2 protein chains.
Amino acid sequence: MDSDYGIPRELSDLQKLRSLYQPLLPPCLEGTTVRVEFGDATTTADLADAHNISRSFPHTYGQPLAHFLRATAKVPDAQVISEHPAIRVGVVFCGRQSPGGHNVVWGLLNALKIHNPNSVLLGFLGGSEGLFSQKTLETTDDILSTYKNQGGYDLLGRTKDQIRTTEQVNAALSACKSLKLDGLVIVGGVTSNTDAAQLAETFAEAKCPTKVVGVPVTLNGDLKNQFVETNVGFDTICKVNSQLISNVCTDALSAEKYYYFIRLMGRKASHVALECTLQSHPNMVILGEEVAASKLTLFDITKQICDAVQARAQQDKYHGVILLPEGLIESIPEVYALLKEIHNLLRQGVSLDNISSQLSPWASALFEFLPPFIKKQLLLHPESDDSAQLSQIETEKLLAYLVETEMNKRLKEGTYKGKKFNAICHFFGYQARGSLPSKFDCDYAYVLGHICYHILAAGLNGYMATLTNLKNPVNKWRCGAAPITAMMTVKRWSQSPGASSIGKPAIHPATVDLRGKAYELLRQNGARFLMDDIYRNPGPIQFDGPGADAKAVTLCVEDQDYMGRMKELQEYLDKIRTIVKPGCSQDVLKAALSVMSSLTDVLTAMSSSSGGHHKSL
Amino acid sequence: MDSDYGIPRELSDLQKLRSLYQPLLPPCLEGTTVRVEFGDATTTADLADAHNISRSFPHTYGQPLAHFLRATAKVPDAQVISEHPAIRVGVVFCGRQSPGGHNVVWGLLNALKIHNPNSVLLGFLGGSEGLFSQKTLETTDDILSTYKNQGGYDLLGRTKDQIRTTEQVNAALSACKSLKLDGLVIVGGVTSNTDAAQLAETFAEAKCPTKVVGVPVTLNGDLKNQFVETNVGFDTICKVNSQLISNVCTDALSAEKYYYFIRLMGRKASHVALECTLQSHPNMVILGEEVAASKLTLFDITKQICDAVQARAQQDKYHGVILLPEGLIESIPEVYALLKEIHNLLRQGVSLDNISSQLSPWASALFEFLPPFIKKQLLLHPESDDSAQLSQIETEKLLAYLVETEMNKRLKEGTYKGKKFNAICHFFGYQARGSLPSKFDCDYAYVLGHICYHILAAGLNGYMATLTNLKNPVNKWRCGAAPITAMMTVKRWSQSPGASSIGKPAIHPATVDLRGKAYELLRQNGARFLMDDIYRNPGPIQFDGPGADAKAVTLCVEDQDYMGRMKELQEYLDKIRTIVKPGCSQDVLKAALSVMSSLTDVLTAMSSSSGGHHKSL
């Protein structure tokens, strides 16, 4: 089986051309000498979780942020790393493949070899299972040559398995020890990076010298927080999906007789659906986050779509395009409750035939109301992260069915007088994630690969490679690293009145921020999207000429660069120290004290209340 | 409703860029003077049909081929068209939208205005229904500006309705008369061009001065014959589908646990599936033409796939990609017979619930064997061309279901010892046909639009615009026109022993030629595609840089240029006339006579046998 990996392959002309593309590096990573500057010790977004997390991660919690700077940058406390002994690093793909993953490997290999040609990069074959069974391929520039800037994870393969059980963690530990790895790079999303943090902690505890580094690579775009602006693969996935959605919009407008219901991948969060909406301007999108926030029922959503169909019919429009994130189904309160009951029964080993009879009365009522195909899908075993098998539940067909039923009813009752409602359903998922990565994802992944090396060279453990200021050109990108534990939160929920339960610290998928600028943009334009058919076609991903450098709308409208601002604040604090030195005037000291005191009051008040916000998500 | 059409729209950056692209013209169409040269009177491919067709089309059958040449070309019998009075032309989109349709309108408008700025182009709104009800939009360069090189038919809209019944034909006649049209251009596929020929005949009969011109625009690629090498839209559809198929291949190879069953649009013929296979190299494709030729049953096909799955499992491969043309279902003999019985019962007004009980015993046995979802789809009313609603029948799910059942059986019986078989199904259709057209389709459609004008300027009626030598650059393309009747055939079938029935003359969809070079290429590589995973990703359509000028594989491997060769033959015949003039030596005359006599014998023999070949398709 191993021999299948890393073999040279026949490439199309465009693939060949892409394989020759060389991403640029930000100036701070050019050359062989890099400065690393450490910021303050990190905390968590929700202070209430800090204690909990620090207890679970005694060795790796509270480490400082790291910024990578040019060797010539004038920063007093920075540490210049100029010695680069040969090191051995392992890299593993975890979870769903995301376009650009190969470039992390390439960037890492390139950085390793630039700094010491004797360094070695081992790729684990077949994902985490290859890690446990120590199946490796030594990656070389030759082997990589037909995988550079290409999609998929087929260079090394992947599994969706987690690195979580004691057995798995121990297998990983043995692998790193026996392969004498100085570093282990884990390429993946929310779950895999949580696992990376756990591994880092375990390794530190066990005094294993292997440092663990995480890389944010997931098409869902839900590994988003103060330190991480976007994920490798999200840009490509949204571009490919938007191309197809726009094609369908054009189709709808040409034929004028169909409503297309399109479900998009993206797991629980609706980032992909939001970005695609802002790219393509379909008539409607129903974000899981909106449904959860407004506690909309299946019937509310059906009514909302039917009313839209009816309003459009009054303008003689009998076509439309409606986007649905795959996580939507779990966001509908009564469906979520039904799924929880089903999953509990499945866990108790109740057979499929008997589940329906053991549901609570109201869950049973909902279940019996649903059409057979969706019943069967709701009965599927949950995924390893306890969520439903979202990619298998055809929410688009369910809603199309409910809307059709309701429209026919209205037609019969005479409350709707238009033409018959026709729906066509699509699920866009698998056809996007193997795509050639966009230029942005090629660059982003490649530079992250380089940063992984510098994290290891600085001897850091339990960090994630970060790049910020991404909406600007590559030469303005800021390179850094943040402790993974600083991205964690703890979930609390009440299972029965009085008894509340606390989850394990983990990186949780970030949901779409309903107070953020991207959502605001959707809200402002929603009515025009719905009625005016202002469809927009970003077209197929271009690699040359105008359009090749386009970036995600959600990336560009959000005012992120948290890491950059954190550095700016530090510079202010340093400046105040320089100004308010012993010997300065009484007035200067007084002014400084007065402002600092009120600032401290304000921030204390804000920090304790902001915790609440985060929990409510 | 009318006001929705032709309105300016917001374009993405790439769309804007595309809207500025100016296709080139072949040298013969540059300038304002064009020569038209007429070839010999045309016949039909099957001589047995000639009588039948000539009787149905007394006014338009047997017209000569037309070639458009540079005004300076030295051809003795050519006619130079230098007078260009202002004319009024109507254009209508018929049938499924196909990328590039807008450029036919643009090319036509451009040619009209170049030759006489007072000429007028009226677009019929909402397809053939707009023609019948005389709803028009005068197209101008301004109106076209945001539709140039863009996908869809949304500039004018379309319907799938045909122009066939006496009522419809009369409505079209009235429209052309009352709008004082000199020409009517019909943009569409096999059915619409057959309708165009009928209209031309009726108009000639009724002494209506409107000349009717057809343009071969259909994503199916099945309007293919001696005169037509490919259709507008086919290139784009195959490129978009190949991009997605390749993404899925990469996905399959990365995850290594799924078999993807992908159904492709294309109606009865498998041209799209064949082209996509040659582009992307998926593991398998099952062409409807192969199934029909070998009379494979549903069980044969299932077994074929299962054996492939098993052979791959022996090499530890549990993933794969299998393409299925939408027409496959009708190519399976027993399913076709079942569909015919169902359609007959539907036509007799038998209600859906009673159909199953009125089927013949063996049809009923097959029907009852099928899973419920496919039963429901087989019961749908047939399309207006009597075929099943191919886009609605989920053949991919049926085959995935049958293969899964069989693999589970083999697993249980111990004849298969691999991992459990997992399938994911896709239908790629609607997400491709609204695409931005490829450069090839933009060019092809634009030049065809120009040719439409020259056909009208030459006063021709019942012709189709043709371009040949397409695999070469635009400046080598040969411009011409062929009578639509010359592309027709007549279908004969026996409904009961002894009684045979003859169909109406029509252009029938060309099926994949199992003796052709494209199929040969597939046959040569099929075994490697199946076992070796030599997936190839042509990537998203590029508009700039290398790859932008890529053409369909099936177009490039086939040695077509029938029109070019026809001209070459004519040149030989002319040359012989020049050499063998009264006064030439007895020997020269004798030699000429001897060779011509044997040539005539050979051709007579070949012509009478070739008729049989065509009928057997």
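On the basis of being within 14 Å of another protein chain (Cβ to nearest Cβ) and crowded, with 16+ Cβ neighbours inside 10 Å, does A:Ser364 make the cut? Let's see the steps before the verdict.
Numbers: within 14 Å of another protein chain (Cβ to nearest Cβ): no; crowded, with 16+ Cβ neighbours inside 10 Å: yes.
When the stated conditions are applied, A:Ser364 does not pass them.
So how many residues does the range A:392-439 have that are part of a helix (DSSP H, G or I), within 21 Å of the chain's Cα centre (by Cα), buried (at least 18 other Cβ atoms within 10 Å of the Cβ) and not basic (Lys, Arg)? Walk me through it before giving the result.
Keep residues of the range A:392-439 that are part of a helix (DSSP H, G or I), which gives A:392, A:395-413, A:430-433, A:439.
Now restrict to residues that are within 21 Å of the chain's Cα centre (by Cα): A:392, A:430-433, A:439.
Now restrict to residues that are buried (at least 18 other Cβ atoms within 10 Å of the Cβ): A:430-433, A:439.
From what's left, not basic (Lys, Arg): A:430-432.
Going through the range A:392-439 one residue at a time, the tally reaches 3.
Would you mind finding the one in A:Asp316, A:Asp251 that is within 14 Å of chain B (Cβ to nearest Cβ), in a loop (DSSP other than H, G, I, E, B), among the acidic types (Asp, Glu) and more than 18 Å from the chain's Cα centre (by Cα)?
Numbers: A:Asp251 fails: in a loop (DSSP other than H, G, I, E, B).
Step by step, each of A:Asp316, A:Asp251 is checked, and only A:Asp316 is within 14 Å of chain B (Cβ to nearest Cβ), in a loop (DSSP other than H, G, I, E, B), among the acidic types (Asp, Glu) and more than 18 Å from the chain's Cα centre (by Cα).
Just need a number here: residues in the range B:196-215 that are touching a strand residue (DSSP E or B) at 6+ places or on another chain (Cβ under 8 Å) and in a loop (DSSP other than H, G, I, E, B). Working first, answer last.
From the range B:196-215, those touching a strand residue (DSSP E or B) at 6+ places or on another chain (Cβ under 8 Å) are B:196-197, B:199-200, B:203, B:210-215; that's our starting set.
If we keep only those that are in a loop (DSSP other than H, G, I, E, B) as well, we get B:210.
Within the range B:196-215, residues that are touching a strand residue (DSSP E or B) at 6+ places or on another chain (Cβ under 8 Å) and in a loop (DSSP other than H, G, I, E, B) number 1.
Give the residues of the range A:254-272 that are more than 7 Å from every other protein chain (Cβ to nearest Cβ) and aliphatic (A, V, I, L, M), sorted by residue number.
Selection gives A:Ile262, A:Leu264, A:Met265, A:Ala269, A:Val272.
Consider the range B:338-361. How many of its residues are over 15 Å from B:Ala388 (Cα atoms) and open to solvent by 70 Å² or more (accessible area, probe 1.4 Å)?
Just the residues of the range B:338-361 that are over 15 Å from B:Ala388 (Cα atoms), to begin with: B:348-361.
Then drop every residue that is not open to solvent by 70 Å² or more (accessible area, probe 1.4 Å), which leaves B:348, B:352-354, B:357-358, B:361.
Of the residues in the range B:338-361, 7 are over 15 Å from B:Ala388 (Cα atoms) and open to solvent by 70 Å² or more (accessible area, probe 1.4 Å).
Kindly evaluate A:Glu10 against the criterion of being of a type in the set (Asp, Glu) and within 14 Å of chain B (Cβ to nearest Cβ).
Details: of a type in the set (Asp, Glu): yes; within 14 Å of chain B (Cβ to nearest Cβ): yes.
When the stated conditions are applied, A:Glu10 passes them.
Checking the condition out of contact with any Cys (no Cβ under 8 Å at 6 or more places or on another chain), β-branched (Val, Ile, Thr) and over 24 Å from A:Ile245 (Cβ atoms), which residue from B:Thr210, B:Thr277 passes?
Working: B:Thr210 fails: out of contact with any Cys (no Cβ under 8 Å at 6 or more places or on another chain).
Just a single option satisfies the conditions, and that option is B:Thr277.
Helices (runs of 4 or more DSSP H) wholly in the range B:81-195 with at least 3 residues that are more than 14 Å from chain A (Cβ to nearest Cβ) - which ones? Steps first, answer last, please.
Working: elements: B:101-115, B:128-132, B:141-144, B:166-178.
Here the list reads B:101-115, B:141-144, B:166-178.
Would you confirm whether any residue within the range B:324-331 is among the hydroxyl-bearing types (Ser, Thr, Tyr) and either part of a strand (DSSP E or B) or surrounded by 21 or more Cβ atoms within 10 Å (Cβ to Cβ) (or both)?
Of the residues in the range B:324-331, the ones among the hydroxyl-bearing types (Ser, Thr, Tyr) are B:331.
Checking the rest, the ones that are also either part of a strand (DSSP E or B) or surrounded by 21 or more Cβ atoms within 10 Å (Cβ to Cβ) (or both) come to B:331.
Yes - at least one qualifying residue is present in the range B:324-331.
Restrict the check to the range A:112-128 and report whether at least one residue is crowded, with 24+ Cβ neighbours inside 10 Å, out of contact with any Ser or Thr (no Cβ under 7 Å at 6 or more places or on another chain) and touching a residue at least 12 places away in the same chain (Cβ under 8 Å).
no
Residue by residue through the range B:503-512, note down the ones that are surrounded by 15 or more Cβ atoms within 10 Å (Cβ to Cβ) and free of Cβ contacts under 8 Å to residues at least 24 places away in the same chain.
Within the range B:503-512, the subset surrounded by 15 or more Cβ atoms within 10 Å (Cβ to Cβ) is B:505-512.
Passing the criteria: none in range.
Residue under question is A:His450, and the condition is that it be in a helix (DSSP H, G or I), away from every other protein chain (no Cβ under 14 Å) and touching a Phe, Trp or Tyr at 6+ places or on another chain (Cβ under 7 Å); does it hold?
Working: in a helix (DSSP H, G or I): yes; away from every other protein chain (no Cβ under 14 Å): yes; touching a Phe, Trp or Tyr at 6+ places or on another chain (Cβ under 7 Å): no.
The answer is no for A:His450.
Filter the range A:30-55 down to the residues that are part of a strand (DSSP E or B) and acidic (Asp, Glu), then identify the one that is least open to solvent (accessible area, probe 1.4 Å).
Here the residue is A:Glu37.
For the range A:79-97, enumerate the residues that are under 22 Å from A:Thr136 (Cβ atoms) and either open to solvent by less than 10 Å² (accessible area, probe 1.4 Å) or of a type in the set (A, V, I, L, M, F, W, C) (or both).
If the condition is that a residue be under 22 Å from A:Thr136 (Cβ atoms) and either open to solvent by less than 10 Å² (accessible area, probe 1.4 Å) or of a type in the set (A, V, I, L, M, F, W, C) (or both), then A:Ala86, A:Ile87, A:Val89, A:Gly90, A:Val91, A:Val92, A:Phe93, A:Cys94, A:Gln97 are the ones that fit.
Looking at B:Val512 and the list (1) within 14 Å of chain A (Cβ to nearest Cβ); (2) in a loop (DSSP other than H, G, I, E, B), which single condition is not satisfied?
(1)
Out of (1) away from chain A (no Cβ under 14 Å); (2) at pLDDT 85 or above; (3) not in a helix (DSSP H, G or I), the odd one out for B:Asp559 is which?
The single condition B:Asp559 does not satisfy is (2).
Name the one entry in A:Pro540, A:Pro582 that is open to solvent by 70 Å² or more (accessible area, probe 1.4 Å) and either under 20 Å from A:Asp443 (Cβ atoms) or part of a loop (DSSP other than H, G, I, E, B) (or both).
Details: A:Pro540 fails: open to solvent by 70 Å² or more (accessible area, probe 1.4 Å).
After applying the criteria, what remains is A:Pro582.
Condition check: open to solvent by 10 Å² or more (accessible area, probe 1.4 Å) and in contact (Cβ under 8 Å) with a residue 24 or more places away in the chain. Does A:Val474 satisfy that? Step through it out loud before you land on a result.
Numbers: open to solvent by 10 Å² or more (accessible area, probe 1.4 Å): yes; in contact (Cβ under 8 Å) with a residue 24 or more places away in the chain: yes.
Taking the combined requirement at face value, the residue satisfies it.
Exactly one condition in (1) more than 9 Å from chain A (Cβ to nearest Cβ); (2) at pLDDT 95 or above; (3) more than 12 Å from the chain's Cα centre (by Cα) is false for B:Phe227; which is it?
It is condition (2) that B:Phe227 fails.
When the residues of the range B:515-537 are filtered to those that are part of a loop (DSSP other than H, G, I, E, B) and open to solvent by 40 Å² or more (accessible area, probe 1.4 Å), which remaining residue is farthest from the other protein chains (Cβ to nearest Cβ)?
Across the range B:515-537, the extreme among qualifying residues is B:Arg515.
Restricted to the range A:478-502, and to residues that are open to solvent by 10 Å² or more (accessible area, probe 1.4 Å) and at pLDDT 90 or above, which residue is nearest to A:Gln63 (Cα to Cα)? Before you say what the answer is, go through the steps one by one.
Applying the first criterion (open to solvent by 10 Å² or more (accessible area, probe 1.4 Å)) to the range A:478-502 yields A:478, A:487, A:489, A:491-502.
Next, only the ones that are at pLDDT 90 or above stay: A:478, A:487, A:489.
On the way: A:Arg478: 19, A:Met487: 12, A:Thr489: 16 Å.
In this case the residue turns out to be A:Met487.
Does A:Thr32 qualify as being of a type in the set (S, T, N, Q) and modelled with pLDDT of 85 or more?
Working: of a type in the set (S, T, N, Q): yes; modelled with pLDDT of 85 or more: no.
In short, no.
For the range B:570-581, does any single residue satisfy the condition of being basic (Lys, Arg) and in contact with a His (Cβ under 7 Å, 6 or more places away or on another chain)?
Residues of the range B:570-581 basic (Lys, Arg): B:575, B:577, B:581.
The next check asks that each one be in contact with a His (Cβ under 7 Å, 6 or more places away or on another chain); those that pass are none.
Checked the range B:570-581: no residue is basic (Lys, Arg) and in contact with a His (Cβ under 7 Å, 6 or more places away or on another chain).
In the list B:Lys295, B:Lys239, which residue meets the criterion of being crowded, with 24+ Cβ neighbours inside 10 Å, in contact (Cβ under 8 Å) with a residue 24 or more places away in the chain and touching a helix residue (DSSP H, G or I) at 6+ places or on another chain (Cβ under 8 Å)? Explain how you work it out, then say what you get.
Numbers: B:Lys295 fails: crowded, with 24+ Cβ neighbours inside 10 Å.
Testing whether each residue is crowded, with 24+ Cβ neighbours inside 10 Å, in contact (Cβ under 8 Å) with a residue 24 or more places away in the chain and touching a helix residue (DSSP H, G or I) at 6+ places or on another chain (Cβ under 8 Å) leaves just B:Lys239.
So, in the range B:254-280, exactly how many residues are crowded, with 24+ Cβ neighbours inside 10 Å and not in a helix (DSSP H, G or I)?
11
The values are calculated or read from the model by the stated rules, or taken from the named source; none is laboratory data. As the structure is a prediction and not an experimental result, all values here were calculated from the model. With ideal geometry, Cβ positions are generated from the backbone for all residues, glycine too; neighbour counts draw on all protein chains shown. The accessibility values were calculated without ligands, DNA or RNA, using every heavy atom of the protein model including side chains. Shrake-Rupley method; radii C 1.70, N 1.55, O 1.52, S 1.80 Å.
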